[in-house]
Structure formats: C-alpha cells, structure tokens
1. Being of a type outside the set (Val, Ile, Thr) and either within 14 Å of Pro313 (Cα to Cα) or open to solvent by less than 10 Å² (accessible area, probe 1.4 Å) (or both) is the filter here; which residues of segment 366-385 pass it?
2. Pull up segment 453-476, narrow it to residues that are in a strand (DSSP E or B) and more than 16 Å from ligand 3 (Cβ to nearest atom), then point me to the one that is nearest to Asp395 (Cα to Cα).
3. Going through segment 477-498 one residue at a time, which ones are part of a helix (DSSP H, G or I), open to solvent by less than 10 Å² (accessible area, probe 1.4 Å) and not β-branched (Val, Ile, Thr)?
4. Show the residue pairs meeting these rules: Cβ distance below 6 Å; 6+ apart or different chains; first residue within segment 212-236 and of a type in the set (Phe, Trp, Tyr); second residue outside any strand (DSSP E or B).
5. Within segment 316-351, track down each residue that is among the aliphatic types (A, V, I, L, M), crowded, with 17+ Cβ neighbours inside 10 Å and in a strand (DSSP E or B).
6. Name the residue that is most open to solvent (accessible area, probe 1.4 Å), counting only residues in segment 143-201 that are over 30 Å from Thr268 (Cα atoms) and among the β-branched types (Val, Ile, Thr).
7. Which residues, taken from segment 25-44, are acidic (Asp, Glu) and open to solvent by less than 40 Å² (accessible area, probe 1.4 Å)?
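The values are calculated or read from the model by the stated rules, or taken from the named source; none is laboratory data. Bear in mind the structure is a predicted one, so any value in this text is a computation, not a measurement. Neighbour counts run over all protein chains shown; Cβ positions are idealised from the backbone, glycine included. To get the accessible areas, we keep the full protein, side chains included, count just its heavy atoms, and leave off ligands, DNA and RNA. Shrake-Rupley method; radii C 1.70, N 1.55, O 1.52, S 1.80 Å.
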Amino acid sequence: MTVPKLALTDSDPTTAAADTVVIGTVQGADGLALADGAAAVDAAFDGKLVELLETLGATGKAEEVVKLPSAGKLTAALVVAVGVGAPNDEGTVTAEQVRRAAGAAARSLNGTVRVLNTLGELDLSAAVEGHLLGGYTFTEYKSEKADEKAAKVEFTSVAGAKDKATKAKLKAATAIAEAVITARDFVNTPPNDLFPASFAERAKKLGEAAGLDVEVLDEKALRKGGYGGILGVGGGSARKPRLVRLSYKGPKARKKVALVGKGITFDTGGISIKPAGEMHHMTSDMAGAAAVIATVVLAAKLKYPLEVVATVPMAENMPGGESYRPGDVLTFLGGKTCEVQNTDAEGRLILADAMVRACQDGPDYLVDTATLTGAQVVALGKRTAGVMGTDEFRDRVAALGRGVGEYAWAMPLPEELRADLNSNVADLANITGHRWGGMLSAGIFLREFVAEGVQWAHVDVAGPAFNSGGAWGYTTKGGTGTPVRTLAAVLADIAENG
Ligand code: BES
Ligand code: MN
Ligand code: ZN
C-alpha cells in the first residue's frame, strides 16, 4: 500500500490546513474527559466539547470513534474523537492504549487526505505506529484499488515539531510501521504469486535496496549443501524450495543476532493432508519468514550497531508424486536424521536446516519465529505468541514483546517430551504421537538444532500472525505483521544492553 506522508507540526489544530482533526478522549473517574492535545479544539468549541461528545454518546472507552462536524469552529470540517480508555492510577495512559486508539481512528478515516493528529501529544511513536498500521489496506488484488492519493498526516507533539529527538522518534516509528507493513504485504500476497522462487526474488530486491548482502540457494545448491529438511518438505511442489540469507553488518557491531523464519508459502499438509475447512489460511504459513526479512531490512534502516543475519527457508508443502512420505527419513544439514511421521509437521523440518546454518555463523543470539503449531492457538489463543528457548533470553523476548503490545508468554520445554520424539529408525521423529503439549514438543524438536552456548528464543505465532476475524485497534484483517515489532524491540534491546 502507499504509506501516507507523515510530518510534525506546530500549527494550531483549529486553524491548520486539514480536513480532519483527530483528538483523544479518556474514560475518567467522573466519566468522559479529553486527552492531552485536545485543549485547543475544546477552546474553539467554547469549552463545551465534552458536553457535545456526551450528547453523541461518547464515553472515552477504548477504540470508540465519535465524529463531530466542526460547524465552522475549526478550519477542518470534521473532528474525530477516539477513545483511549481508562488512565491508570497516576492518570497516564499506556503506549499500547494510544497505539490502538490511533489505529481505530485511522480505520475510520477512509480516504481523508489531510489529517491533523493530536494523539502524538500522548505518545508520538505509538500514535504514528497506530495510525500507519490501522490505516493499512491491501487492495493489490481488488479491481477497485484503494485511493492512491498519498494522504498527508501531521502530528502535533508535546516537544513541538523542531525538536531533534522528536524528529528521530517520528523516523524510527515510521520505519518500524513500514517493516510491519512489509510483512503484512508478504503474508497477504496469495500463494499463486508468492511461492519459494518469487518470495526469494522479492526478498532479494528488498534486501539489496536496503544495502544488505543477499544469498539465495536454489534447489541445486540446497542439494549440494545437504539441506535434507528443506528439500524433503519442498519436494512435492512443482515450485522448488529456496534458502535465502540476508546479512546486515552495522557500524561497531556489538553482538551477532541470527534470525530464522518459517517460510512455507502454502501448507496443504502434504500427504498427511489438512481438511479443506480453513486450509486457505495456510497462505499465512510464511509469516515468520516475512517477519524476519522485514526485520533485517529494518535493522539496516535504523543502523543498529549489530550484526544481523536472517536465514529464511522457503518451501511449498504439497501432496504429489514427488512428495515426501510419512515414513521417510530425512538428513538435515549437519547430519542429524529424522523420521517423518506426519508431513504436516513440516515447519520444524525446514527450520532445522535453517537453524543449523544460522548457528554456523556463531551468533550470540538466535531468534526463530514460525506459524508452527495449532497447539499454540489452543494454548494461548489468537493474540498471544508462545515463547520458548533458553530460560533467560526466552523471558526477555516475551517481556519485550508484551512491552510493544505484541502479547507473548514464556512457555516451558518439559524434558519428558523429548523421549516422545524418539524414533526406531532415525535420531528423532517429527511428531510425538500424542496431542499433549504440541507447541512445546515442537520447541523441543527445534532445540536439537541450536548450537551450544547460543542464547535462543523460539516464537510460535500460529495465532497472532494472521487475523481471521474483524479489525481491532491497529490490527487489520489478514496478515498482522506479528512479530516484527517484538523482533525490532529485541534488536534494539541487544544493541543497547548487549
Ligand atoms: N502451519 C501449521 C500450524 C498452524 C495451524 C498455523 C493453525 C496456523 C494456524 C503447521 O505446519 C501444522 O500443520 N502443524 C501441525 C503439527 C502436527 C501435525 C504435529 C498442527 O499443529 O496440527
Ligand atoms: Mn503443517
Ligand atoms: Zn505449516
């Protein structure tokens, strides 16, 4: 989609050259109240804005949108009052409250060209991210495209428009939102257009444009390299698999971070085929890949003082005469073998190769992310990612995710499940043969491929990566771009604290 042009402004919201002014409302102890940033608009309404909004039914509750014609009291014709929800005991609202309010407001603006947004006075970064993400549309495949007029959005901020730190905030928040949008676009692109070769090509273009080193291994190179997992899973499709590596080396890189993302461009289940019901959602089975590609590009844009390498296995899991079978034994990069008992547990097989490859670079940290298990959704629901891995880093990643409003929860890797992955013929099997703790046994499987001494986090986003319900906050339908903001927060945190 075309991202609107964003700017900071010092202009008075009542006289600014805008069509719509966005203000925040809150659920105060005594009912509806105006959020910071709304004072000038209130003054233009002779201090009667609360009264007017109450007449329209406004309460200030989260994501409530109430529209009020300005009736000549402002240059803008329309005031959009969006609910931020209840402040905490200290009277402040969280970044996530602002992000969601900005998202809800943006979703209600459809087509407005010039917007003045006062939510930046609550939290500029959150307002910018929420606005860009809530306003996201994907109309690539509609005969009627979204309005391509690049909208112009100006944000007021407490520090004003000239402040250096404020400008830097706008820039960083815009880059982060753009990375999320990149991931959403990948996820929303249908599998007939996004298959391993075309996905690799798009990733390469994007990476090179950002100054990254990009390496693409095609089927022949994968065979030569010994990537048995990727080749096994990808074998059933006429569209052969790829492995893409995108490398960024920042100035004065302090740490090496490896990112790995599952890139199944479509998951039919293979010979262990899925029921038809919701199979079309499996167009999102490359959301982990999309997220790590977008994140390494972001790392270059924001010049993190890190070395970041994304290793991205891409394959289509299809049934066919050349498919891998239940009963096959695959040999991964590095030599470990696996008995395939279910071809629908394919994500871990392509990740195994990719994680071994990623560990060959000797990273300090490894974060892999994948739409890996239905069990994640059963355990934690559609909005909360499951995070497994080495104890300390796992907890750090989960906390950082929650900090940016991408819910995440640390999950254990119960030791007794390892034996359930034993195989009679190979080093391990790809499933346990029972339904207990399916998210965790997938994590235990992946642990086998993490090199000694590497701090590791595995983020299962089977639920959070794809919104099959209605839009909420700044989360639109379809691809959500999760966990790009978690990964960005992890990189920023490692850059700062090692
Ligand atoms: N891509 C699916 C997991 C998934 C399910 C993602 C629902 C998003 C929503 C994965 O490849 C899969 O099929 N996993 C199986 C594993 C099982 C065979 C051990 C599952 O979860 O059923
Ligand atoms: Mn599957
Ligand atoms: Zn899958």
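1. Leu366, Asp368, Ala370, Leu372, Gln376, Ala385
2. Here the residue is Ala457.
3. Result: Leu487, Ala488, Leu491.
4. Short answer, once both residue conditions are applied: Tyr227/Leu333; Tyr227/Asp353.
5. Leu330
6. Restricting to residues being over 30 Å from Thr268 (Cα atoms) and among the β-branched types (Val, Ile, Thr), the top hit is Val158.
7. The answer is Asp42, and nothing else.
For every residue, the table says whether it meets (1) in a helix (DSSP H, G or I); (2) over 21 Å from the mean Cα position of the chain (by Cα).
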| position | (1), (2) |
| --- | --- |
| Gly130 | yes, no |
| Thr139 | no, no |
| Glu144 | no, yes |
| Gly160 | no, yes |
| Ala183 | yes, no |
| Phe186 | yes, no |
| Pro191 | no, no |
